[in-house]
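Colleague: Got a structure for you, questions after.
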Amino acid sequence: MKKIIRTATVALSLDVLLKGQLYFLNQKYEIIAVSGNDKSLKEVHIREKVRTVDLPFQRQISPLKDFISLLKLYRLLKKEKPSLIHSITPKAGLLSMIAGYFAKVPVRMHTFTGLIFPSKTGFLKQILIVMDKMLCRFATHVYPEGQGVKNDLIQYKITNKPLQVLAFGNVNGVDFNYFDSNCFNENQNLTLKQSLKIENDDFVFIFVGRIVSDKGINELVLAFKSFQSAYHNTKLLLVGNLEMELDPINKETLHEIRNNDTIIDVGYQNDIRPYLAIANCLTFPSYREGFPNVVIQACAMNLPCIVSDINGCNEIITDKHNGIIIPVKNENAIFDAMKTLFLNKNLYNSLQLNARQSVVSRYSQGIVWSALEEEYERLLVHV
């Protein structure tokens, strides 16, 4: 059985983004998951039934700590002698591809689940471009998660290597039996609404993701504040970790979240489905994405989506078919989209009707996992 090492900068990515995938692949290959040791890595070990290795990576640029991680990863690869190493997320990708090259791992794959540099400026942007170019230089195969990411890699001349999007895009696909509004009955939904002080006739906008500036939270909260003043019986439900270290939201935004009774912040939730089940519309005004699972998951739960015109989002959502696409960093556009879906019942019903069927045929886990397994087979046939 050939050995494959999967890496990510933080174990949460292996736990959440690749849920179920490692177990599936472990039936045919010996899969080893590598990231920093925390509860997420432990969960990967238990649920996916794969061997895990504690090897911390830094999300920030940290030359000394990055070099230490690189040495540890090199030693691990020399010891394990995998046939293939496959990374997701930027820092793990860079270090995995460099260590894999010097450790002579035959197949070195990296999946770009999103690009950071297009939304940055100045010296930081140039540094990030150089890092991604280095990553691709040491990789043998490069996979953008979607067409938008592929186009950016080409536009910025990050690599001359062939770029292949597996299946229809997305790193893991969605379990549509799990993400199904029929999993929740009316009594369950009513109980949750009551616990959150949501009235049964409230129109609920929901955001799911990290509560950081890059996700468009500042614009979303400002837009909703204005919207709620004009239109009553509306709520904004925020589901996700508040992260004030790397990319903090504005102090005014934080104050509004904590003091506006119509904004309900429930923090990170292991299971987001109950919250999607009581919502009417996903609002996801992110600045950058690779291929956001939450948009697919919301569609699977019959929610129209308001999304930014960015990579991934504009591949999943077709404007006025299963959602509304708006410009990036534009609170007025968020307001207008909210107003449209709140007032135009015919349009809302049409988008809701199309939401689930628009994603089921393209992004099921079976399609994504089979495409990845076939790619592994192709690359490992002579290894």
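The values are calculated or read from the model by the stated rules, or taken from the named source; none is laboratory data. Please read these numbers as outputs of a predicted model, since none were measured by experiment. Here Cβ is always computed from backbone atoms with ideal geometry, including for glycine, and neighbour counts include all displayed protein chains. Surface accessibility is based on the protein's heavy atoms, side chains included, excluding ligands, DNA and RNA. Shrake-Rupley method; radii C 1.70, N 1.55, O 1.52, S 1.80 Å.
Colleague: Which of the trypsin sites (Lys or Arg not before Pro) found in region 235-329 are loop residues per DSSP with 16 or fewer other Cβ atoms within 10 Å of their Cβ?
Modeller: The qualifying sites are LYS320, LYS329.
Colleague: With every protein chain present, what is the per residue accessible area of region 163-290 (1.4 Å probe, Å²)?
Modeller: 45 Å²
Colleague: With a 1.4 Å probe and all protein chains kept in place, how do MET134, MET109, MET1 rank by accessible area, largest first?
Modeller: MET1, MET134, MET109
Colleague: Once every DSSP H run of n ≥ 4 in the chain is given -39500 (n - 2.57) and the sum is divided by its residues, what mean residue ellipticity at 222 nm do you get, rounded to the nearest 500 deg cm²/dmol?
Modeller: So the helix-based figure for the chain works out to -13500 deg cm²/dmol.
Colleague: Any chance you could tell me what percent of the C-alpha pair distances in region 211-271 go past 14 Å?
Modeller: Here the tail beyond 14 Å accounts for 54 percent of pairs.
Colleague: Rounded, prolate or oblate: which fits region 182-324, taking a ≥ b ≥ c as square roots of the Cα gyration tensor eigenvalues, rounded meaning a/c under 1.5, else prolate when a/b beats b/c?
Modeller: Here region 182-324 falls in the rounded category.
Colleague: Expressed as an acute angle from 0 to 90° and rounded to the nearest 10, what is the orientation of the C-alpha long axis of helix 90-102 relative to the principal long axis of the chain?
Modeller: 10 degrees
Colleague: Which of the lysines could a cross-linker bridge to LYS320, judged by Cα under 17 Å and excluding same-chain residues fewer than eight apart?
Modeller: LYS339, LYS345
Colleague: Let me ask something else about it. In Å², and per residue, what accessible area does region 312-383 have when probed at 1.4 Å with the other protein chains present?
Modeller: Ligands and nucleic acids excluded, the figure is 49 Å² per residue.
Colleague: Considering only DSSP states other than H, G, I, E and B, which chymotrypsin sites (Phe, Trp or Tyr not before Pro) in region 263-296 qualify as loop sites with at most 16 other Cβ atoms within 10 Å?
Modeller: In loop regions of region 263-296 (DSSP not H, G, I, E or B), the sparsely surrounded chymotrypsin sites (Phe, Trp or Tyr not before Pro) are TYR268.
Colleague: I would also like to ask the following. Given 0.36 nm per residue, what is the gain on full extension from LEU246 to ASP309 after removing their alpha carbon distance, in nm?
Modeller: Between LEU246 and ASP309, full extension yields an extra 20.3 nm.
Colleague: Kindly flag which residue pairs out of LYS28/LYS157; LYS120/LYS157; LYS42/LYS329; LYS42/LYS91 have an alpha-carbon separation exceeding 28 Å in this structure.
Modeller: LYS28/LYS157; LYS42/LYS329
Colleague: Reachable aspartates and glutamates from LYS225, Cα under 17 Å, same-chain residues fewer than 8 places away excluded?
Modeller: ASP202, GLU252, GLU256, ASP261, ASP265, GLU331, ASP336
Colleague: Related question: Counting only protein heavy atoms and a 1.4 Å probe, tell me what percentage of the chain's accessible area is made up of carbon and sulfur.
Modeller: Roughly 51 percent, rounded to a whole number.
Colleague: Work out Dmax and Rg for the chain from the C-alpha atoms and quote the Rg first, both in angstrom.
Modeller: Computed over the Cα atoms of the chain, radius of gyration and Dmax are 21.1, 65 Å.
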